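Mind looking over this structure? Questions follow.
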Amino acid sequence: MFKSLKRSVTKMFRELLVYHHSSLEYRAKILTLMVSANGEICECEKQKLKEIAHSIYGDNLERAELLIDTVNEYHSKILTDNGLNFEHLIQLVERETKEAPRFVEKIDMTQLRELKECIDDDEDALFQERILEFLGTLKTEYGRR
């Protein structure tokens, strides 16, 4: 009960309570682009997302779970058209990358390609490939010069 309440409060006030929340949210947006490409998060994607979150944050289980929760939150907003759609999310990622070029270090193409393994449909796989190309372009354009 306490853990659930703590998670809910942290989600609601992550801008105030979470150290480097903007970095976490940027990662969540990138991951959401990949898992929302086909409109749903399948079990395979959920498992890969969990593995990615835990590899990013290592022993910090709370932060890894917060990343997963944030991805689910963004995905839910896209599905319900609750102030965020897919195109808007792409624009947000691009704008945040321009404003804070250090964020390109958060784009791990190897981890993102792992999510592509979960897609069976050729059309969805092609769409995810385009997203990877977009993120690769951001990495190239705004990476350390």
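The values are calculated or read from the model by the stated rules, or taken from the named source; none is laboratory data. In this text the structure is predicted, and so the values were computed from the model without any measurement. Glycine also receives a Cβ, built like all others from the backbone with ideal geometry; neighbour counts cover every protein chain displayed. Calculation scope for accessible area: heavy atoms of the full protein, side chains included, ligands and nucleic acids excluded. Shrake-Rupley method; radii C 1.70, N 1.55, O 1.52, S 1.80 Å.
So which of ASN60, ASN82, ASN38 ends up being at pLDDT below 85, open to solvent by 40 Å² or more (accessible area, probe 1.4 Å) and touching a Phe, Trp or Tyr at 6+ places or on another chain (Cβ under 9 Å)?
Being at pLDDT below 85, open to solvent by 40 Å² or more (accessible area, probe 1.4 Å) and touching a Phe, Trp or Tyr at 6+ places or on another chain (Cβ under 9 Å) holds for just one of ASN60, ASN82, ASN38, which is ASN38.
Just to be sure, is ILE90 β-branched (Val, Ile, Thr), touching a Leu at 6+ places or on another chain (Cβ under 9 Å) and surrounded by fewer than 16 Cβ atoms within 10 Å (Cβ to Cβ)?
yes
Those residues that are touching a residue at least 60 places away in the same chain (Cβ under 8 Å) and either open to solvent by less than 40 Å² (accessible area, probe 1.4 Å) or in contact with an Asp or Glu (Cβ under 7 Å, 6 or more places away or on another chain) (or both), I need them from region 19-35; list them, please. First the steps, then the outcome.
In the first step, residues of region 19-35 are kept if they are touching a residue at least 60 places away in the same chain (Cβ under 8 Å); the result is 22-23, 26-27, 29-31, 33-35.
If the condition is that a residue be touching a residue at least 60 places away in the same chain (Cβ under 8 Å) and either open to solvent by less than 40 Å² (accessible area, probe 1.4 Å) or in contact with an Asp or Glu (Cβ under 7 Å, 6 or more places away or on another chain) (or both), then SER23, TYR26, LYS29, ILE30, LEU31, LEU33, MET34, VAL35 are the ones that fit.
Scan region 42-57 for residues that are among the β-branched types (Val, Ile, Thr) and either free of Cβ contacts under 8 Å to residues at least 24 places away in the same chain or open to solvent by 40 Å² or more (accessible area, probe 1.4 Å) (or both) and jot them down. Walk me through it before giving the result.
Within region 42-57, the subset among the β-branched types (Val, Ile, Thr) is 52, 56.
Scanning region 42-57 gives a single hit, ILE56.
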